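Engineer: Quick one: this structure, given as structure tokens, is what I'll be asking you about.
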Amino acid sequence: MFKAKNLLLWAILILFTFTLLGCSTDTSGSIKEPEENSPENNGEEIVQEEPIDLKEIKANEVGQIMVLEWHVIGEKEGRWARTYENFRKDLETLYERGYRLVSLRDVLNNNISTEAGFTPVILTFDDGTSGHFRYIEKDGEMIIDPTCAVGILKEMNELYPDFGLEATFFVNKYPIPFEQRAYWQDKVKEVIELGMDIGNHTVNHPKLNKLSQEEVAKELALMVEMIEEVVPGYKMDTLALPFGIKPQDINWAVQGEYQGIDYHNIGVLDVGSTPMKSPVAKGYDPTLLPRVQVFGEGAEDNLLKWLDYFDKNPHLRYISDGDPDTIAVPKDQEEKVDTSRIGEKELIIYE
Ligand SMILES: [Zn+2]
């Protein structure tokens, strides 16, 4: 009896020792604590990636994406205007509800690298008003006004780096982009340096259905030339239709040439009024992409209406699998996929 109890104690002691040894030597292949700045790891953290559970994160890359649209951002709220305060709130709401900024061009190129389990959202601003981007003088230097849209976007990105810093500003030649005549070139450069985009909104903001093909081409090509002169090599390749009005033939808006200046828009954006289809969904049409306008307060807040709509219809919401090279779709949404749009990517259907 005494012996047996002694043996049991020994066995427990030995097991305990092995467990401790196991933890410190770690030959089991589990995650190791990286040694600080050892020559092997160059000071970088070694991260062993856990496989993503597509079902758990509810990945759905054939779901819909919102292209949000603001016009005036300023002191007053209105049908075509948002206050600075409400704009900041819009961004905070998006962040809290699992949305992350993605560039319009990345979506159009079906190159969405949003973190797994989150929903990409596109920000667009029409008409290049000063509330979008304003410089102010501070200690003899011109700095970004922290209250304008670019200032707020930068601040949000500093507070929440995983939110991202992506937006497209659709500008005209008349009036001059972002209104401060002496600084418009600096601002165009700065938008692009920050990793955001400048989009085409035509030279004169005309109703394109009233124009001939040559007049449409002139409106678009001269904008491409204007921006390229400021940022050589930058290709302006997205268009927001003024008033949401199409030319007589939509192809005139997609590509053309005027006096040797070519333009090719990989996306043409409407003014209204729904989320867009995934770039791999049947019926996706980059030559007329709908947008969701952000306006209204309280029960009339149009952004909140759409966010609630996706909460009530979660199967319609785009949720990223975190890997731009794979397209993950739940089995019950499979029929929405346009397989001709998958290209080089791997389609993963899961149950
Ligand atoms: Zn406009």
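Throughout, read-outs are computed from the coordinates displayed, never taken from laboratory work. Since the model is a prediction, treat every value here as computed from it, not as a measurement. Neighbour counts run over all protein chains shown; Cβ positions are idealised from the backbone, glycine included.
Engineer: Under 23 Å Cα-Cα from Lys55, which lysines qualify once same-chain neighbours fewer than 8 residues away are excluded?
Structural biologist: Those lysines meeting the cut-off are Lys277, Lys282, Lys312, Lys331, Lys336, Lys345.
Engineer: Using only the alpha carbon atoms of the chain, find the Kirkwood hydrodynamic radius as the inverse mean reciprocal pair distance, in angstroms to one decimal.
Structural biologist: Radius from the Kirkwood sum: 22.9 Å.
Engineer: Which length gain, in nm to one decimal place, applies between Glu351 and Thr274 when the Cα-Cα distance is subtracted from 0.36 nm times their residue separation?
Structural biologist: Stretched fully, the Glu351-Thr274 segment lengthens by 24.9 nm.
Engineer: Still on this structure: If amide H atoms are built 1.01 Å from N in the plane of the peptide, which residues on other chains or at least 5 residues away come under 5 Å of the amide H of Gly256?
Structural biologist: Residues meeting the amide H criterion: Tyr263.
Engineer: How much net charge surrounds Tyr263 when only other residues with a Cβ under 11 Å from its Cβ are counted (Lys, Arg +1; Asp, Glu -1)?
Structural biologist: Net charge in that neighbourhood comes out at -4.
Engineer: What ³J(HN,Hα) values, in whole Hz, does the Karplus curve 6.51 cos²θ - 1.76 cosθ + 1.60 give for the range 281-296 when θ = phi - 60°, with x put for Gly and Pro?
Structural biologist: Whole-Hz 3J(HN,Hα) from phi for the range 281-296: 8, 4, x, 5, 9, x, 8, 7, 8, x, 10, 10, 7, 9, 6, x.
Engineer: Write down, largest first, the equivalent ellipsoid semi-axes of the range 100-224 in whole Å, where each equals the square root of 5 times an eigenvalue of the alpha-carbon gyration tensor.
Structural biologist: Taking √(5λ) for each Cα gyration eigenvalue gives 27, 22, 10 Å.
Engineer: Tally the DSSP beta bridges in the range 64-321 and give the antiparallel ones as a percent, rounded to 5.
Structural biologist: Roughly 30 percent of the DSSP beta bridges within the range 64-321 come out antiparallel.
Engineer: Can you list the HN-Hα couplings for the range 136-146, worked out from phi with the Karplus curve (6.51, -1.76, 1.60; θ = phi - 60°), rounded to whole Hz and with x for Gly and Pro?
Structural biologist: 10, 8, 9, 6, x, 10, 8, 10, 5, 4, x
Engineer: In deg cm²/dmol, rounded to 500, what helix-only [θ] at 222 nm does the chain give when every DSSP H run of at least 4 residues adds -39500 (n - 2.57) and the total is split over its residues?
Structural biologist: -9000 deg cm²/dmol
Engineer: Moving to a separate point now. Collect residues whose amide H, placed 1.01 Å from N in the peptide plane, falls under 5 Å from the amide H of Arg100; neighbours closer than 5 in sequence don't count.
Structural biologist: Residues meeting the criterion, in which the H sits 1.01 Å from N, are Thr119, Val121.
Engineer: Now, a different point. If you look for lysine pairs in the range 147-217 that are eight or more places apart or on different chains, how many of them have Cα atoms under 30 Å apart?
Structural biologist: Going through the range 147-217 pair by pair, I get 9.
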